[in-house]
Amino acid sequence: NAGVTQTPKFQVLKTGQSMTLQCAQDMNHEYMSWYRQDPGMGLRLIHYSVGAGITDQGEVPNGYNVSRSTTEDFPLRLLSAAPSQTSVYFCASRRTSGGPFYNEQFFGPGTRLTVL
Amino acid sequence: DAKTTQPPSMDCAEGRAANLPCNHSTISGNEYVYWYRQIHSQGPQYIIHGLKNNETNEMASLIITEDRKSSTLILPHATLRDTAVYYCIVRVQGAQKLVFGQGTRLTINP
C-alpha cells in the first residue's frame, strides 16, 4: 500500500491564484480530512469527509472547498489564495469502524504552500 | 474534547527511557487518550491510545493514572530517531477530529 499520498510537495502561488491540493489513499478508508499547520503550531482541521459525497467543515474552513466523489480521493481547493494561507497542509485518513486500530489516523507527507 | 497540558520540551539520553507526561484533568469517562508524534515536519504518526488500562505496543507504553487525570508515554529505549514533537490528545473514540495542542518537543541526545 502507498498509504496516503499528497501532491504537490511544494507550491508557490501569487495572491488571488487558485489551485487544488491532491490527496489520495489506497486503504479503502471511509474518513478523510485536511489539516493545516502553521510554523510552531499544532495542526488545525480544515474540512473532513466520512464517505463519498459527504463533507463537513472543521475549525478553519474559510477560503477552502472540498469534494469527495470517490472513496480514494479528497482534493482541497483554494479559490483565491491569500498570504494567510501560507502553511503546510496535511491530508489524513482512517477507517470509521471495525478492528482494534480503527482510530489510528494515517497522515500524508504534506504540501508546503507559500502564497506571495 | 478535554484539554491537555504537556511540557513544551524535554531532553533524554540515547538508550534511556523517555517518559513524557500529559495532564488531562477534565477528561470524561468516554474519552480516550491518544499519542501521536511528528518527526521534523513529516505527517504525524500514531503511537498508541488507551482508555483506562495501561497499554503497550512495539513502539511505546502508555500509563494512565487510576483517576485518569494524567498519563505518561514511555519510550523504553530512546534512539536519536525518536527526536520529535509528541502530542497527547484526548477525544471520544470515533470522534471526527483530532485536536492537536502544542505538544512536547523531545530531543534525544547521544
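Here are a few things to note about the model shown:
- Segment A:38-47, subset buried (at least 18 other Cβ atoms within 10 Å of the Cβ) and more than 8 Å from chain B (Cβ to nearest Cβ), residue nearest to A:Phe10 (Cα to Cα): A:Ile46
- Entry remark, segment B:52-98: residues being part of a strand (DSSP E or B) and closer than 13 Å to B:Asn19 by Cβ number 11 in total.
For every residue, the table says whether it meets (1) more than 14 Å from every other protein chain (Cβ to nearest Cβ); (2) closer than 19 Å to A:Glu104 by Cα; (3) at pLDDT 95 or above; (4) crowded, with 16+ Cβ neighbours inside 10 Å.
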{"residue": "B:Thr79", "(1), (2), (3), (4)": "yes, no, yes, no"}
{"residue": "B:Val90", "(1), (2), (3), (4)": "no, yes, no, yes"}
{"residue": "B:Gly94", "(1), (2), (3), (4)": "no, yes, no, no"}
{"residue": "B:Val99", "(1), (2), (3), (4)": "no, yes, no, yes"}
{"residue": "B:Thr107", "(1), (2), (3), (4)": "yes, no, yes, no"}
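- Applying the condition of being surrounded by fewer than 22 Cβ atoms within 10 Å (Cβ to Cβ) and either at pLDDT 95 or above or in contact with a His (Cβ under 7 Å, 6 or more places away or on another chain) (or both) to segment A:95-109 and asking which residue is farthest from the other protein chains (Cβ to nearest Cβ) yields A:Arg95.
- Count of residues meeting criterion [in contact with a Lys or Arg (Cβ under 8 Å, 6 or more places away or on another chain) and loosely packed, with under 13 Cβ neighbours inside 10 Å] in segment B:67-77: 1
- Residue in segment B:28-43 that is basic (Lys, Arg), in contact with a strand residue (DSSP E or B) (Cβ under 9 Å, 6 or more places away or on another chain) and touching a residue at least 40 places away in the same chain (Cβ under 8 Å) present: yes
- Filtering segment B:41-72 to residues that are small (Gly, Ala, Ser) and within 13 Å of chain A (Cβ to nearest Cβ) leaves B:Ser41, B:Gly43, B:Gly50.
- Candidates A:Gly63, A:Gly58, A:Gly42, A:Gly51 - the one that is modelled with pLDDT under 95 and more than 29 Å from B:Ala84 (Cα to Cα): A:Gly51
The values are calculated or read from the model by the stated rules, or taken from the named source; none is laboratory data. These numbers were taken from a predicted model, which means no experiment stands behind them. Counting neighbours? That spans all protein chains shown, and the Cβs are built from the backbone with ideal geometry, glycine included.
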